[in-house]
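Okay, structure first, notes after.
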Amino acid sequence: MILVTCAAGGVGRRVVKVLAEKGLEIRAFDISPKVAELANLGVETMQGDARRSEDVAKALDGCDQVLYLPPMFVYDESDIAKRCIDEAVKQNIRQFVMMSVTHPNMSTLTQHTQKLKAEEYLIYKGLSDHLNYTILQPMHYMHNFLVPSVWESGSYDCFYTKTTKLSYVDVMDVAEVAAKVLTEEGHQNATYELVGKDFLSPVDMVEMFNEITGRDAICNQIDVEAILPYFGNGKYDSYFVQTFKNLAETYGKYGIAGNSNVLTWLLERQPTTFEEYIKRELAENNLN
């Protein structure tokens, strides 16, 4: 059985769906009660707090693999990762797959440095305790451009300079790689950067959306404070806010980029393009 952490989040739900469709035995673990909804996919679910060692131990009991997805913008993110790694070692888990981020060494991105610490700890544990690990480093996700929302509202709100370009990756491609790593031999001690071929600004994405749909959506650049309510009132603290501000400043000033060679090799095909992502979302949501 494979334990998937943070399974009820935006990435987690999509990854669990792909793994379940491939027939893998999954235990979905999350602090949110919404994790129970994943039972509809035919997976086992468990609500628990990864800050509590006893919850982590219970979640891992009976599992032999872990797909560790990190929580979003929490001050003790690296400590949570270390707790899960330590318990995995204690329970003799045969494989620990960590979902990290492309370029964890970008120090102006607080959430990246947290993942860098987690990666480092995992590598040392791989050496000292012979833990079989693989690190996956996905780029900025395409699904942050919510096609149904842009369709309905006629606008895309971005929290950084709207002409700055970023690389992107489709979460479904990342899930496919996760499944591959979890079901094949030969990925021990590997670190894989997962990046698609697109290098786009928010303006570019909206223009592509309009070209495909024939609509006239616009791109709005808004302040970070205006984005925060999207996450729900009271669900973010000062660390969350500052991390988001750091993200907006770094993306606005530099953007972020990566190389698609590794993802292409792992998928044994070309990565999903942003155009293909939009068309898939339109079809799946019956938007025409």
Scanning the stretch 13-51 residue by residue, the ones that are within 29 Å of D76 (Cα to Cα) and without any contact (Cβ under 8 Å) to a residue 12 or more places away in the chain total 2
When I85 is run through (1) at pLDDT below 95; (2) among the hydrophobic types (A, V, I, L, M, F, W, C); (3) within 18 Å of A7 (Cα to Cα), the failure sits at (1)
Residues of the stretch 231-288 being part of a helix (DSSP H, G or I), over 26 Å from G214 (Cβ atoms) and hydrophobic (A, V, I, L, M, F, W, C), in sequence order, are F231, F240, V241, F244, L247, A248, V262, L263, W265, L266, L267
Matching residues in the stretch 153-179 (surrounded by fewer than 16 Cβ atoms within 10 Å (Cβ to Cβ) and not in a strand (DSSP E or B)) number 3
Pairs returned, first residue in the stretch 260-288 that is without any contact (Cβ under 8 Å) to a residue 24 or more places away in the chain, second residue that is crowded, with 16+ Cβ neighbours inside 10 Å and part of a helix (DSSP H, G or I), beta-carbon separation under 8 angstrom, 6 or more apart or interchain, are N288/L282
Of the residues in the stretch 124-137, those that are more than 16 Å from the chain's Cα centre (by Cα) and either closer than 21 Å to T183 by Cα or crowded, with 17+ Cβ neighbours inside 10 Å (or both) come to K125, G126, H130, L131, N132, Y133
Counted residues in the stretch 1-30 being aliphatic (A, V, I, L, M), surrounded by 18 or more Cβ atoms within 10 Å (Cβ to Cβ) and part of a loop (DSSP other than H, G, I, E, B) come to 3
| request: Within the stretch 98-110, identify whether any single residue is more than 15 Å from the chain's Cα centre (by Cα) and either without any contact (Cβ under 8 Å) to a residue 24 or more places away in the chain or at positive phi (or both), and answer yes or no. | output: yes
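The values are calculated or read from the model by the stated rules, or taken from the named source; none is laboratory data. The model shown is predicted, which means the values in this text are computed figures rather than measured ones. As a convention, Cβ positions derive from the backbone with ideal geometry for all residues, glycine included, and neighbour counts pool all protein chains shown.
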